[in-house]
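Engineer: Below is a structure I'd like to ask you about.
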């Protein structure tokens, strides 16, 4: 499966080839760097995207895993759920993103980078 580091705005339709089809429907796994305002999408596991962004200059504390449901819209198209989000040392005790400010920053970055047409 191809992956894409997204640093500039793309069309939502441009990501359709990255969708994983599974029992939960079609989704695209992504990792967002909340400091650099970039993301990587299309890997099978969030940890692969995390590793790629770390090699690309990101810092661990700034990376958060999400799932994108491209067929959805509004707030429903972003799901904050990934094992890489488990960070008790940062006060995040779940697979989600517990801090509302970080969730909002992720939403801003995703909505900026992926134009919903």
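Engineer: With a ≥ b ≥ c taken as the square roots of the eigenvalues of the C-alpha gyration tensor of region 26-87, please select rounded if a/c is under 1.5 and otherwise prolate if a/b is larger than b/c or oblate if it is not?
Structural biologist: Since a/c reaches 1.5 and a/b is larger than b/c, the shape of region 26-87 is classed as prolate.
Engineer: Okay, moving on. Taking the 0 to 90 degree range and rounding to the nearest ten, how far is the long axis of helix 46-55 tilted relative to the main principal axis of the chain, both from C-alpha atoms?
Structural biologist: So the inclination is approximately 70 degrees.
Engineer: Also, quick follow-up: What FRET efficiency, computed as 1/(1 + (r/R0)^6) with R0 = 22 Å and r the Cβ-Cβ distance, is obtained for residue 104 and residue 9, rounded to the nearest 0.05?
Structural biologist: 0.70
Engineer: Please report the antiparallel percentage of the DSSP beta bridges confined to the chain, to the nearest 5.
Structural biologist: 90 percent
Engineer: A further question on this structure: For Kirkwood radius over Cα pairs in Å, one of [x] 14.3; [y] 14.0; [z] 16.3 was computed from the structure I shared and the rest are decoys. Which label?
Structural biologist: Correct label is [y].
Engineer: Helix-derived [θ] at 222 nm for the chain: sum -39500 (n - 2.57) over DSSP H runs of at least 4, divide by residue count, nearest 500?
Structural biologist: It lands at -6500 deg cm²/dmol.
Engineer: If you don't mind, another one. Under 8 Å for C-alpha pairs, at least 6 residues apart: give me the relative contact order for region 1-84, rounded to a whole percent.
Structural biologist: 28 percent
Engineer: Applying a 10 Å radius around every beta-carbon, put 77-85, 38-46, 101-109, 5-13 in order of their mean neighbour count, most first.
Structural biologist: For the peptides 77-85, 38-46, 101-109, 5-13, the packing ranking is 38-46, 77-85, 101-109, 5-13.
Coordinate-derived values only; no laboratory data. The structure presented is a predicted model; accordingly, all values stated were derived computationally and were not measured. Counting neighbours? That spans all protein chains shown, and the Cβs are built from the backbone with ideal geometry, glycine included.
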